[in-house]
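Asks: Right, I'll just put the structure down here and ask away after.
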Amino acid sequence: MGLKAVLFDLDDTLYASFQAGDAFAYERLSAWAENELGVSGAAFARAFKENRQRLGRQQPGMPPVHDRVLFAQGALERMGVNAVKYARAAHRVYWEAVFAKMQVRPGVYELLDELKRAGVKTAVCTDMLADIQMEKLEYLGLSDRVDFLVSSEEAGMDKPGSPIFWLALQKCGCLPDEAVMVGDNFRHDIEGSTDVGIAGVWLNWTRLPRPEDGRAYTEVHTFEQAAAHIRTLL
């Protein structure tokens, strides 16, 4: 295989940990609701989470299920608070908390710089809305190190749906067997990429049991191991 492109998931792949940031965000939302709105912080955080789950049920696999403005809007409306006035502020409180917990994984900067020098295209191939993912890349110092962002918002469907992978290949100007996908979510990143013929590298950093799956992929436990594998393909 002549490697022409490497696709990377973003959340929990290039940085860690989204789960830690998400948990902290609910703490900050609770404090914000009490201080700014004068309502029960626990009730607001619970309503925010419930609206998040409701959207997931109503629009499974669709980009709006990631929109924290929509989560906040539904929560505020349920509590009788003006959502038009406060939903975007809640959105910002949530993401500022997530950003505070983000840390680039060891080896990310070095690999991205090496791939750029080698002329290998790189794309962040991620579920979520384009605006917030671009902001994450800027915050993490990665925006100048990657060539493309491909979000599920742009593709119109979350992973493991194939549109996001085909769009990434189109942007990188390569065929499936000329690319590799690195991601932490087996179903979304590995099943999704290998279904369209892209080699998968599963960053199993939480050491989940190996799925009973007959497809070929590479399993690693650290980003540095993923980087070492990619270097063998150059």
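The values are calculated or read from the model by the stated rules, or taken from the named source; none is laboratory data. Source: prediction; values computed, not measured. Ideal geometry is used to build each Cβ from the backbone, glycine not excepted, and the neighbour counts take in all protein chains shown. The accessibility values were calculated without ligands, DNA or RNA, using every heavy atom of the protein model including side chains. Shrake-Rupley method; radii C 1.70, N 1.55, O 1.52, S 1.80 Å.
Asks: Kindly check whether there is at least one residue in region 86-102 that is open to solvent by 70 Å² or more (accessible area, probe 1.4 Å), touching a residue at least 60 places away in the same chain (Cβ under 8 Å) and over 27 Å from Ala199 (Cβ atoms).
Replies: So far as region 86-102 goes, yes, one or more of its residues are open to solvent by 70 Å² or more (accessible area, probe 1.4 Å), touching a residue at least 60 places away in the same chain (Cβ under 8 Å) and over 27 Å from Ala199 (Cβ atoms).
Asks: (1) assigned to a helix (DSSP H, G or I); (2) more than 14 Å from the chain's Cα centre (by Cα): which one isn't true of Ile164, the others all being true?
Replies: So Ile164 meets the others, but not (2).
Asks: Starting from region 205-234, take each residue that is farther than 21 Å from Arg187 by Cβ and list its partners that are loosely packed, with under 14 Cβ neighbours inside 10 Å and not β-branched (Val, Ile, Thr), counting only C-beta distances under 7 angstrom and pairs at least six apart or across chains.
Replies: From residues that are farther than 21 Å from Arg187 by Cβ, the pairs are Glu224/Pro106; Leu233/Met1; Leu234/Ala118.
Asks: What are the pairs with Cβ atoms under 9 angstrom where one residue, in region 145-156, is over 23 Å from Glu110 (Cβ atoms) and open to solvent by 60 Å² or more (accessible area, probe 1.4 Å) and the other, located anywhere, is at pLDDT below 95 and part of a helix (DSSP H, G or I)? Sequence gap at least six, or different chains.
Replies: Glu153/Pro63; Glu153/Pro64; Glu154/Pro63
Asks: Restricting the search to region 191-234, which residues are in a loop (DSSP other than H, G, I, E, B) and hydroxyl-bearing (Ser, Thr, Tyr)?
Replies: First, pick out the residues of region 191-234 that are in a loop (DSSP other than H, G, I, E, B): 196-198, 204-217, 221-222, 234.
Residues satisfying the conditions are Thr206, Tyr217, Thr222.
Asks: Being open to solvent by 50 Å² or more (accessible area, probe 1.4 Å) and either of a type in the set (D, E, K, R) or part of a loop (DSSP other than H, G, I, E, B) (or both) is the filter here; which residues of region 123-144 pass it? Walk me through it before giving the result.
Replies: Step one: filter region 123-144 for residues open to solvent by 50 Å² or more (accessible area, probe 1.4 Å), giving 131, 134-135, 138-139, 144.
Asp131, Glu135, Glu138, Asp144 - these are the residues of region 123-144 that are open to solvent by 50 Å² or more (accessible area, probe 1.4 Å) and either of a type in the set (D, E, K, R) or part of a loop (DSSP other than H, G, I, E, B) (or both).
Asks: Which of the residues belonging to region 1-50 are within 18 Å of the chain's Cα centre (by Cα) and closer than 12 Å to Ala90 by Cβ?
Replies: Listed by number, the list holds a single entry, Ala25.
Asks: Name the residues in region 53-72 that are assigned to a helix (DSSP H, G or I), open to solvent by less than 70 Å² (accessible area, probe 1.4 Å) and more than 14 Å from Ile132 (Cβ to Cβ), would you?
Replies: Of region 53-72, the ones assigned to a helix (DSSP H, G or I) are 53-58, 63-66, 68-72.
Narrowing the set further to residues that are open to solvent by less than 70 Å² (accessible area, probe 1.4 Å) leaves 55-56, 63-66, 68-72.
Correct list: Leu55, Gly56.
The rows are residues; the columns are (1) under 20 Å from Lys159 (Cβ atoms); (2) hydrophobic (A, V, I, L, M, F, W, C); (3) in contact (Cβ under 8 Å) with a residue 40 or more places away in the chain.
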residue: Ser17; (1), (2), (3): yes, no, yes
residue: Glu27; (1), (2), (3): no, no, yes
residue: Glu34; (1), (2), (3): no, no, no
residue: Leu37; (1), (2), (3): no, yes, yes
residue: Ser40; (1), (2), (3): no, no, no
residue: Leu55; (1), (2), (3): yes, yes, no
residue: Met62; (1), (2), (3): yes, yes, yes
